[in-house]
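One structure is given below, encoded as structure tokens.
The values are calculated or read from the model by the stated rules, or taken from the named source; none is laboratory data. Predicted, not measured: the structure shown is a model, and the values here were computed from it. Cβ atoms come from the backbone with ideal geometry, glycine included; neighbour counts cover every protein chain shown. These area figures cover heavy atoms from the full protein model, side chains too; ligands, DNA and RNA do not enter into them. Shrake-Rupley method; radii C 1.70, N 1.55, O 1.52, S 1.80 Å.
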Amino acid sequence: DEYKTTGKPPIRALVMDYTDDRETYNLDNEYMFCNDLLVAPIAAGTGDERDVYLPVSANWVDYFTGEPVESGWHHVNTKGIPVYKKIS
């Protein structure tokens, strides 16, 4: 377990992994889950849309479809929770 050896929590703010990406400094509504999943929950009562930021120092795919997604800001409309997998 990485958490036991390094103290790095399995669920953490994006800024912990992307300290060189200033866009992550104030993001409090997205998080990393383990080493390769970025989760962007949609708060109850806010509809099915939100803006999602994918850090630029990684390549991403949509977790559910496997389709590549570019780094940067995206406006998503979804019935589920946006989840992205880091592939590099």
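If only residues of the stretch 77-88 that are more than 14 Å from TYR31 (Cα to Cα) and at pLDDT below 95 are counted, the one that is surrounded by the most Cβ atoms within 10 Å (Cβ to Cβ) is THR78. Among the criteria (1) at pLDDT 95 or above; (2) open to solvent by 80 Å² or more (accessible area, probe 1.4 Å); (3) of a type outside the set (Phe, Trp, Tyr), the one ASP62 does not fulfil is (2). Would you be able to say whether some residue in the stretch 73-85 is within 10 Å of the chain's Cα centre (by Cα) and not in a strand (DSSP E or B)? Yes, that holds for at least one residue. The residue list LEU14, LEU37 contains one member that is within 22 Å of THR78 (Cα to Cα), touching a residue at least 40 places away in the same chain (Cβ under 8 Å), surrounded by 10 or more Cβ atoms within 10 Å (Cβ to Cβ) and touching a Lys or Arg at 6+ places or on another chain (Cβ under 8 Å), which is LEU37.
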